[in-house]
1. Across the range 19-62, which residue is modelled with the lowest pLDDT among those that are of a type in the set (D, E, K, R), surrounded by 13 or more Cβ atoms within 10 Å (Cβ to Cβ) and under 24 Å from V91 (Cα atoms)?
2. Kindly indicate the residue of the range 26-42 that is out of contact with any Asp or Glu (no Cβ under 9 Å at 6 or more places or on another chain) and part of a helix (DSSP H, G or I) and also farthest from F117 (Cα to Cα) among those meeting that condition.
3. So which residues in the range 188-207 are surrounded by fewer than 16 Cβ atoms within 10 Å (Cβ to Cβ) and either within 30 Å of K46 (Cα to Cα) or small (G, A, S) (or both), if there are any at all?
4. List the pairs whose first member sits in the range 74-95 and is of a type in the set (D, E) and surrounded by 10 or more Cβ atoms within 10 Å (Cβ to Cβ), whose second member is at pLDDT 95 or above and assigned to a loop (DSSP other than H, G, I, E, B), and whose Cβ atoms are under 8 Å apart, counting only residues at least 6 apart or on separate chains?
5. Would you check if there is a residue in the range 111-129 being over 17 Å from N86 (Cβ atoms) and under 18 Å from the mean Cα position of the chain (by Cα)?
6. Determine whether the range 4-14 contains at least one residue that is under 26 Å from L95 (Cβ atoms) and without any contact (Cβ under 8 Å) to a residue 24 or more places away in the chain.
7. Would you call D67 touching a Pro at 6+ places or on another chain (Cβ under 7 Å) and acidic (D, E)?
8. So which residues in the range 99-132 are among the small types (G, A, S) and either in contact (Cβ under 8 Å) with a residue 12 or more places away in the chain or closer than 11 Å to F11 by Cβ (or both)?
Amino acid sequence: MSVTVDFIYDFGSPNAYFCHKVVPQIEQRTGVKFNYIPCLLGGIFKATNNMAPAFAFSKIKGKLDYDRIEINRFVQKYDLTDYVFNKHFPVNTLLLMRGAAAAELDGIHDAYIQAGFSAMWEKSLKMDDPEVFAQAMTDAGLDGQRLLARTQDQDVKDRLVANTSAAVDRKVFGIPTVFVGSEIFFGKERLGQIEEEIVRQQAGAAQ
């Protein structure tokens with residue numbers, strides 16, 4: 001039995017971007033392909049009474065300063081020289097995530113994932129602007145205008161809602177969240193644990 005790894009993501013999370021950049025290394029070492037599942041972080045927050053760290057910890061002295069230190073350490077550790085904090089943050093990701101659901105349905109999800117994360121956390125684009133969205137996807141080699149139009153289709157809207165609801169049902173409360181089988185891991189700090197669990201489950205399946 002193969003090990004299943006689900007990566008619950010939303011482009012609005014810089015920590016999801018960080019995980020995305022490290023995932024290929026884990027895939028190469030373990031031989032396991034991560035299954036990216038687009039979900040709307042705002043919908044998850046609403047369903048779980050959660051909120052973004054920038055708001056949740058805004059009154060805790062030193063907390064956000066420490067978070068920035070931790071980000072810088074992560075960037076340096078993995079040599080993420082293309083990373084820039086999006087100057088338009090926070091960006092409403094409904095358009096982006098509907099686009100991701102469309103890409104998932106239409107068989108271009110991998111290319112879309114690369115384009116979306118790059119636009120948000122390397123090019124610092126305002127991806128809740130429809131014109132910027134369409135141009136960014138076109139520049140990435142995708143059909144930006146078609147993707148923009150697809151974000152209004154009911155099957156795409158339904159897919160994103162279903163993905164998000166299913167994530168909440170699995171006890172997801174934030175992003176990035178990764179499931180290795182039924183084991184849940186939250187945050188970029190858990191990448192080492194995720195890899196260990198993949199290896200553990202692989203060993204179990206081989207017995």
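1. Across the range 19-62, the extreme among qualifying residues is K46.
2. So the residue we want is Q28.
3. Across the range 188-207, the qualifying residues are E189, G192, Q193, A203, G204, A205, A206.
4. D82/E122
5. Looking through the range 111-129, at least one residue is over 17 Å from N86 (Cβ atoms) and under 18 Å from the mean Cα position of the chain (by Cα).
6. So in the range 4-14, the residues under 26 Å from L95 (Cβ atoms) come out as 6-14.
Right, trim to without any contact (Cβ under 8 Å) to a residue 24 or more places away in the chain and you get none.
Looking through the range 4-14, none of the residues is under 26 Å from L95 (Cβ atoms) and without any contact (Cβ under 8 Å) to a residue 24 or more places away in the chain.
7. Yes.
8. Those that are among the small types (G, A, S) and either in contact (Cβ under 8 Å) with a residue 12 or more places away in the chain or closer than 11 Å to F11 by Cβ (or both): G99, A100, A101, A102, A103, A111, A115, G116, S118, A119, S124.
The values are calculated or read from the model by the stated rules, or taken from the named source; none is laboratory data. Remember, it's a predicted structure, so these values are computed and weren't measured experimentally. Here Cβ is always computed from backbone atoms with ideal geometry, including for glycine, and neighbour counts include all displayed protein chains.
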